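One structure is given here, and the rest of the page talks about it.
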Amino acid sequence: MKKIIHVFLGALVFVGLLLSPVTAGAAEFKLKLTTVVGPPHPWIDASNYFAQKVTERSKGKVEVVIYDRGKLGNDAATLKALRDGTVDLHIGGSANAATYIPELSFFNLGYLFADQTHFERVLQAKSPVFQEMAQIIEKKGLGFKVLSLTGGGLRNMSNRLRPIKKVEDLKGIKMRVPGGKTVAQFWKSLGTLPVSLPWTEIYSAMQTGVVDAFESTVPGYFSAKLFEVTKYHSLTEHEFMVSVFFLSEKTYKKMPADLKKIVEEVGAEAGEVAMKAGVTQTKALLEEIRGKGVDVHTVDKSGFIKASLSLQDEETKNLGMVDFLKKVRELSRSPK
């Protein structure tokens with residue numbers, strides 16, 4: 001009798017697995033989500049959250065497969081694939097997306113945000129800044145639907161040559177920059193020689209001397225093992241990383257209304273996950289890289305900030321975003 005019961009229970013489990021809405025093959029939509037980083041990183045935390053929650057809430061109708069570490073190509077390649085609809089979702093930095101949407105390079109201006117509270121206030125879904133930027137992106141008709149604009153941690157500078165403790169120490173350093181004119185202009189104004197390279201090429205570029213330095217979040221620095229080729233990490237804290245979470249418009253249009261709603265809601269929540277992870281991982285991983293023998297040192301920011309403030313006004317005029325900058329600065333004050 002016990003044997004019969006065990007066989008019966010086993011059959012029930014097997015049937016249950018076959019009927020389960022989250023089993024492989026049951027999905028109506030199998031989505032590809034790309035990012036150039038690997039764990040630990042806020043983008044990975046957000047990706048994992050999104051994949052899990054979308055599958056759960058859609059009862060298996062939507063399945064998300066994550067392609068990390070640039071497995072489907074660098075940012076430029078995957079953004080093109082997103083437009084074409086051969087990739088469905090992408091989490092990356094605003095600087096690379098700025099090659100398509102120049103207005104996004106606004107977020108690469110140095111020392112734009114007063115603190116983490118100001119940063120979060122600007123990017124929350126209800127803020128006028130978020131709403132205006134989302135409209136700018138979607139009205140361009142490039143095929144990008146904004147699920148969230150989020151964080152990823154403070155960006156610092158790292159180099160292979162010497163400690164950088166004041167702005168004068170930067171003179172003549174070959175500085176890797178991502179796409180977008182504003183970020184290159186920022187580092188040029190500080191005395192470096194900007195060199196545009198994809199994120200996935202930094203490690204070898206540092207080894208071969210193609211570049212001397214780069215800037216990144218702490219999670220990005222750690223997850224890419226850049227501490228192996230860059231032993232000087234300066235706490236410039238020049239930029240609160242703005243990350244973009246995009247869905248392909250072609251994918252979005254194929255979905256029924258109920259699944260669109262789920263994807264949009266979870267996309268916004270995933271942005272919150274990345275924002276929080278940016279803070280917690282930065283703090284924890286700074287201790288980790290010190291343990292790797294990296295010289296982590298403070299910086300006299302006065303020269304950096306002085307150059308940045310004048311560049312903010314100049315670049316926002318060039319971008320036609322003077323009123324946008326005003327909105328960002330106004331949000332630095334606590335609401336009444």
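General observations
- Within the stretch 55-72, tally of residues that are within 30 Å of GLU201 (Cα to Cα) and either in contact with a helix residue (DSSP H, G or I) (Cβ under 9 Å, 6 or more places away or on another chain) or in contact (Cβ under 8 Å) with a residue 40 or more places away in the chain (or both): 8
- Selection of the stretch 62-77 for residues being modelled with pLDDT of 95 or more, in contact with a strand residue (DSSP E or B) (Cβ under 7 Å, 6 or more places away or on another chain) and not in a strand (DSSP E or B) yields only LEU72.
- Of everything in the stretch 200-212 that is under 20 Å from the mean Cα position of the chain (by Cα) and modelled with pLDDT of 95 or more, the residue that is farthest from LYS80 (Cα to Cα) is TYR203.
- Within the stretch 61-71, the set of residues being surrounded by 17 or more Cβ atoms within 10 Å (Cβ to Cβ) and closer than 29 Å to ASP258 by Cα comprises LYS61, VAL62, GLU63, VAL64, ILE66, TYR67, ASP68.
- Taking the stretch 255-273 as the range and being under 17 Å from the mean Cα position of the chain (by Cα) and of a type in the set (Asp, Glu) as the test, the residues that pass are GLU269, GLU272.
- Within the stretch 165-183, residues that are closer than 16 Å to GLU315 by Cβ sit with their Cβ atoms under 7 Å from residues that are in a loop (DSSP other than H, G, I, E, B) and of a type in the set (A, V, I, L, M), at 6+ positions apart or across chains, in these pairs: GLY179/ALA98; GLY180/ALA98; THR182/LEU109.
- Flag if LEU79 is among the aliphatic types (A, V, I, L, M), closer than 20 Å to MET241 by Cα and touching a Leu at 6+ places or on another chain (Cβ under 7 Å): no
- Flag set for THR251, criterion: over 14 Å from PRO163 (Cα atoms), more than 18 Å from the chain's Cα centre (by Cα) and not assigned by TED's automatic domain parsing to the domain that holds ILE305.
The values are calculated or read from the model by the stated rules, or taken from the named source; none is laboratory data. Computed from a predicted model, the values in this text were never measured in an experiment. We place every Cβ from the backbone using ideal geometry, glycine too, and count neighbours over all the protein chains shown.
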